[in-house]
1. Treating only the Cβ atoms of Lys and Arg (+1) and Asp and Glu (-1) as charged, compute the dipole magnitude of segment 10-70 about its Cα centre; round to the nearest 20 debye.
2. What nm value, rounded to one decimal, do you get for the distance between Arg33 and Glu75 when each label is placed 7 Å out toward the C-beta?
3. Take the alpha-carbon positions of the chain, form their convex hull, and give its projected area averaged over all directions (one quarter of the hull surface) in nm².
4. Roughly speaking, what is the stretch gain from Lys66 to Thr54, that is 0.36 nm per residue apart minus the C-alpha to C-alpha distance, in nm to one decimal?
5. Kindly provide the helix-only [θ] at 222 nm of the chain, computed as the sum of -39,500 (n - 2.57) over DSSP H runs of four or more divided by all residues, to the nearest 500 deg cm²/dmol?
6. Considering Cα pairs under 8 angstrom that are at least six residues apart, work out the relative contact order of the chain and quote it in whole percent.
7. By the gyration tensor of its Cα atoms, with a ≥ b ≥ c the square roots of the eigenvalues, what is the shape of segment 22-63: rounded for a/c under 1.5, prolate for a/b over b/c, or oblate?
Amino acid sequence: MGTHHKNLIGPQVRRLRVAMDWSQDDLAAACQRAGWDVPRSGIGKIESRLRCVTDFELIHLAKVFKCRVGELFPEEQ
């Protein structure tokens, strides 16, 4: 993994979003309904690994995706 990445979860967020057949706008709206005010551009930056993700935000993403926080991280190789 390159050291320029700001998070580990971006690819998993994208995978889960696509599996739910959601656009980035759909995911942003679901996050907003769950109490996290994030714009579509913020979702894009997370998926592109250009933005850090806080623990608070991880919890909201797990709630929206109905998964455990650990499922947002890549499997160890």
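1. With only Lys, Arg, Asp and Glu charged at Cβ, the dipole is about 180 debye.
2. Spacing of the two 7 Å Cα→Cβ label points: 3.1 nm.
3. Answer in nm², one decimal: 4.8.
4. Full extension of this stretch gives 2.5 nm more.
5. Numbers: 4 runs with 39 residues, N = 77.
Here the helix-only value at 222 nm equals -14500 deg cm²/dmol.
6. Reported relative contact order: 39 percent.
7. The shape class here is oblate.
Read-outs: derived from the displayed coordinates by stated rules, not from any lab. Treat the numbers as computed from the prediction; the structure is a model and nothing was measured. Cβ: placed from backbone, ideal geometry, glycine included. Neighbour counts: every protein chain shown.
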